[in-house]
Structure formats: structure tokens, C-alpha cells
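Report on the following structure.
Read-outs throughout are calculated quantities, based only on the coordinates presented, and are distinct from any laboratory measurement. All values reported here derive from a predicted model rather than from experimental measurement. Because the Cβ atoms are built from the backbone with ideal geometry, glycine has one as well, and the counts that use them run over all protein chains shown.
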Amino acid sequence: MVLVMVFGVALLVAVLFSGLAARTVLSTSLLFLAGGALVSDGFLGLIHITPDSGIVSVTADLALFAVLFTDGMHVSLPKLRANWRNPARALGLGMPLAFVFMGLVTHYLVGLDWTTSFLVGAVLAPTDPVFASAIVGRAEVPAKLRQLLNVESGVNDGLALPVVLLLIAAAGPTAGTAEAEPGKIALELLLGLVLGIALPLVVNGLVRFRLLGAEPKLQPLLPLATGVLLYAACHLTHANPYLAAFSAGAALAHTSPEAKASFEPLGEALAELAKFAALLVFGALLTPRLFGDLSLGGYVAVVLAIVLIRPASLLLSLLGTRISRKEKLVAAWFGPKGFASVVYGLLVLQSGIPQGERAFTLIAVCIAFSIIAHSSTDVPIARVFDVEDLAGIPAEDDGRGDVSGRTKDLQPLGGTGGS
């Protein structure tokens, strides 16, 4: 119950300061992260959470599923078909480059063996725009840039998972187990994609029956029920829940725009709550001991991962594209490490591989630094695109017409956002 009280206090403070956060480098995500650290064993000792606590993996898993589900709803399939090259470059070239570069840096600076080093690279390769809401959630920001970041982050979680599982199997005593067989992993990915597309189609078909249909006040619960069923089905069948969530959101928005419109306010709020809960729990793991366990080489690797590896990898992947230099630089910077990396980092820690604890320490510190860096710079960089109404208050009429005002950190991710 202490954890519930802490969450309630943190939520109240976040809401009260959200207007200020929308105009400054202050971030509500950072408030939850710091709040979790403050009440943990490392400081006040009000809550006792360890990396192997069930609540850690459950909250991170739910948060990632929720944000990917709402994220998928903001992917326009017609626009994606017309502009698929940039996301494809980011996923097919930028992500593998970041994976390889991070593996090399980890091996030479941290001293982990090659397999575990590349495992760290795979865990930190996925990106998450939830910490760059003022970029991906603003209509004023160029559509190509928003779509690039949105699609990249929505798909790369599922692409990284099989690599993570295979490297975990190769790194320790779990090698050769059926859980990490390539065929099994491919089947889980395919099943996740199939479930994610099929379930919304089935639900949409049921709604069209003459005797069925939801009354207006219950309509937002239809996509919610679809998401709950999908989450349970994925875990019962061992399908990939993250690829399923993203594809289900996209399928639902494409087949039933009215369902998307009715669910959007509720979905955004639920995704924000799940995100905040996961940040609070993850923050509780960030004790002084954790930061003290990381070597100097580890800190150098963390800095390189954020300021060099991700930017260089994406810029190389976008060479020759028609995106402006300003947009390329923004896309290159906003490669935050998010909930996928938290979930996969926990898999590494719980796998029992010889260097798992050292790898998790590096991963956790990198995620924490990334959250601080990216959630604190989205607003200043959004100003470059003349985004002025970040406080949730519509800008004064200056002859440019209506300007919507959604709040940073309380707006949806990826069109949904929330840093």
C-alpha cells in the first residue's frame, strides 16, 4: 500500500507541474523516475524492490504493451505505404549499426565477453518515443519526421527480441534450450503479428452484426477489451506481445476509425498511467549501489551510446534521403532507451548468464541517463519547428488559425507521446 501512496503522490505532483514541464526542460517522466529512486532502499527505504521482483517485469511489460497499442493507432497505413523507405532504412540499417557499434564499445570499454557485449547492444538498440512527446506528438512537426520516429520505435522492439533471446542462449548455461530456437522465436513473432491483425478484424466484424453494437458511453471500452484479450492471448500462446500490440493498434485504426476516435482519450490516459507506474518501479532500482557498480569505462560507454552511437547510426542510414538536415539531426538525437530495453534488460538479469549482473547494471544506467537526456530536450528542440503551444493552453490567435494544445507528458505517445 505504501507503493500505491507513493504513486498517488507522484501522480498528483506530476499533474500539478505538467504545465511548467511543458514549457521547460522539466519532465514528468523524470519526476516519477526520481520519486521511485527517492523512496527506494537506496534513500528513504519506504519500498523494497529488487530487479527480480515480479512487479518490475509486470509493470514494464504492461507499459510497453499499452504504449505500443496506442502508438499503432497513430500509424496511417496509406501514408506508410507512400513513405516506407525512411523507416525501413532506420530499421534495416540504422538499428543493426547501433547494435554492432554498442557491442564493440561494450567489449572494449567494459570488458564483457563478445557474446554478452553484443547482447547489451541488442537490448539497447530499440528506441522509444515516449520520452520525446513534444516531437512525435505535435502536428506542427514535419510528418515525415514524426512517422519515422513512430514507426521505427513501434517495430524495432519486436525485431530486437529474437536477437536478445538468441544471444542470452549463447551467453550462458541456457544455450541450446528450446526457448531460444530460431524457429520457435520466428513462430512467436509471426503469431504475434497474426493475432494483432486478426483480433481487431474479428471484433470489428462482430460490431457489424445487426443485433450487436455498443451504446455511445461504452464504445471506448471496445478497443480496451480488444487490447486486454490480445494481451492475455499473447501470453497464453507465447506470441510476441509487442509486435501484436503495435499491429493491433494499426489494424484497429485502419478498420474502425470511429473506434479509434472514441478510445483515444481513454487509451492515452491508460498508457500514461502504465508508463508512470513503470517509471516509478524502475526508479526504485536506481540505487547508489547500482551506479557505484558501474566502472568508468561503463560510464563512457553510456555517454557514447546516447550522444554518438545512435546519432551516427541513424545519420548513416539516412544518407541520400530527402529529409532535411534539421530533421535528420532531430531524428538522430531522439533515440531514447525505453520500456523495451527495461524488459529485455530484466530478461538478461534473470537468465543467470555469467556476466548478466554486469550487463544489467550497464543497461539500467544507460536507460536512466537516456530518460534524463531525451525527456529534458524534447521541448527546446520542438521550438525549432515553431511549436509554441506546449503547455496545453491554445496559443493566442495570431492569424494562423486554431492551434491545438496538448500537454507534454500527458499527451499520447507517437501522436501519443509523453515524456
Problem - Over 23 Å (Cα to Cα) - which of LYS217/LYS260; LYS217/LYS275; LYS260/LYS328; LYS275/LYS326 fall in this group - result: LYS217/LYS275; LYS260/LYS328; LYS275/LYS326
Problem - Full-stretch length increase - THR237, THR255 - with 0.36 nm per residue and alpha-carbon distance subtracted - result: 4.0 nm
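May I ask you to derive the relative contact order of segment 197-301, considering only C-alpha pairs under 8 Å and at least 6 residues apart, and to give it as an integer percent?
Relative contact order of segment 197-301: 29 percent.
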Handout entry: Span from the segment 317-360 Cα centroid across to the segment 191-270 one, whole angstrom
Key = 28
Problem - For MET73, distant residues with modelled amide H under 5 Å away - result: ALA250
Practice task
Take the Cα of ARG322, step 7 Å along the line toward its Cβ, and report every residue of segment 52-83 whose backbone nitrogen sits under 18 Å from that point.
Solution key: 78-83
Problem - Whether segment 230-339 is rounded, prolate or oblate, judged on the alpha carbon gyration tensor where a/c under 1.5 counts as rounded - result: oblate
Problem - trypsin sites (Lys or Arg not before Pro) within segment 309-386: DSSP coil, no more than 16 neighbouring Cβ in 10 Å - result: ARG322
Problem - Relative contact order (%) - segment 278-344, alpha-carbon pairs under 8 angstrom, separation at least six - result: 31
Completion exercise
The relative contact order of segment 1-89, taking Cα pairs under 8 Å that sit 6 or more residues apart, comes to a percentage of 17
Exercise for the section: For ILE55 and VAL303, compute 0.36 nm times the residue count separating them, minus their Cα-Cα distance, and round to one decimal in nm. Expected result: 86.4 nm
Problem - Two-site label geometry, LEU91 and MET1: point separation in nm, points 7 Å out along Cα→Cβ - result: 4.7
